[in-house]
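Report on one structure; see the data block that follows.
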Amino acid sequence: MKTYIIIDLKSFYASAECVALGLDPFKSDLVVADTSRGQGTVCLAVSPHLKAKGVRNRCRLYEIPKDINYIAVPPRMQYYINCAAQIYGIYLKYIAKEDIYVYSIDEAFIDISDYMNFYNLDAKSMAKMIMDDIFKSTGITATCGIGTNLYLAKIALDILAKHNPDNIAYLDENLYKQQLWTHRPLSDFWRIGKQTQKKLEHYGIYCMKDLSIAPFALLEKIFGIDADIALDHANGIEPTSIADIKAYKPSTKSFCNSEILPRDYEYHEALTVLKEMCENLSLRLFNKNYKANGITINIIFADKNLPKQRASLSFKNPTNIANFIIQSVEKLYLSKVKNLGTIRQIFVSANNVTKENFKQESLFDEFDSKEKSLQTAINSIKEKFGKNAILRAIDLLPEATAKDRNEKIGGHKSGENS
């Protein structure tokens, strides 16, 4: 039987900032948020002490009760990456990299099946050994889920571990059914969001036990191709291993950009940002030797009551040339996206992406060798001197965001110049 653990770094960004400031995350009220973006900015993390007061993660600054005096620090993404790398190094002290799967910057699955005998420890003691080392080395507290498969380990972490004094919880299939089969709400479970929960409740499915006995045709209607996975999870089953995950190679490549705008943008202001995002997308395609057969844009308005706007186009020939993509998307935006109100969020994605085949290029491609040489030169300069080494004129407009975004990691301040 396999034994997996998943270790989560508790309120990672906020805890890392507290430790850097010499504060106890469990006694200090701290939020990680870019206050320069106003009270509407989203808090990337809040300290455990602040969370215990009812302040939720990913809240906006204005949602924090006025009577709470808290410390706000700007995001430092490079610092968090460095901290995560240090903690990954701790995992490697005990476990081979083949048995570690980094799920996110603050979570990692570990297969400890072959290590318990080696260390002469049970699963809980082994998890505690690693968690104690993390705390001793970094000052960051971890929580841990243990399970006989990856799913049960994740559920043990998400639902049970935080309620235990030692921050550790264990589940096998029997315990899962005993303790959580009737647990509500369903959105507490991995891979089930609020909208899916509403759909399930519409059909009288309120807990995992209900889900396990629901007609499979109904599950296909709700989950589509993931119906089998949903049914397995309802019964605490997950056949996928870490080795399976690492061996998986997706049949298609995904390229997309999204941006939450720093304020509510007017229709033509948003177009400036969209064009910048298209250039970034085309450069990523070009650098990876991929071409897009089309583009999709999604526009979300500041007024949540307004419907999202979505528009797509297909190219006659696949391309990764920035000028062509920008011009095409500009025409798409102006012709298909209605000016319903101010805009707050933009998504752009490349459709039906394929690997570039240099042998198939011809005089009938939509770009010529001069255009391609120019883009190669631009990429080389950006790679050597930074993304802001070359900018388009639109990047200097007041509403433009590319120059600022190029200095960020994952859309947040890197903190390297702080």
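The values are calculated or read from the model by the stated rules, or taken from the named source; none is laboratory data. Note that this is a predicted model, so its numbers are computed, not measured. Positions of Cβ are backbone-derived with ideal geometry, glycine not excepted, and every protein chain shown enters the neighbour counts. Ligands, DNA and RNA are excluded from the accessible area calculation, which covers all protein heavy atoms including side chains. Shrake-Rupley method; radii C 1.70, N 1.55, O 1.52, S 1.80 Å.
Figures for the structure shown
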{"item": "Residue satisfying condition, being among the small types (Gly, Ala, Ser) and assigned to a strand (DSSP E or B), within set Ser282, Ser314", "result": "Ser314"}
{"item": "Scope the stretch 102-146; condition free of Cβ contacts under 8 Å to residues at least 12 places away in the same chain and open to solvent by less than 10 Å² (accessible area, probe 1.4 Å); matching residues", "result": "none"}
{"item": "Leading residue by the ranking (modelled with the highest pLDDT) among those in the stretch 348-385 that are open to solvent by 50 Å² or more (accessible area, probe 1.4 Å) and assigned to a loop (DSSP other than H, G, I, E, B)", "result": "Asn352"}
{"item": "Pairs with Cβ under 7 Å, 6+ apart, first in the stretch 306-327 and under 17 Å from Leu285 (Cβ atoms), second among the basic types (Lys, Arg) and assigned to a strand (DSSP E or B)", "result": "Pro318/Lys291; Thr319/Lys291; Asn320/Lys291"}
{"item": "Per-region count, the stretch 151-181, residues under 24 Å from Ile213 (Cβ atoms) and part of a helix (DSSP H, G or I)", "result": "16"}
{"item": "Selection within the stretch 53-77 - surrounded by 12 or more Cβ atoms within 10 Å (Cβ to Cβ), among the charged types (D, E, K, R) and within 21 Å of Asp24 (Cα to Cα)", "result": "Lys53, Arg76"}
{"item": "Check on Gly224, over 30 Å from Tyr290 (Cα atoms) and small (Gly, Ala, Ser)", "result": "no"}
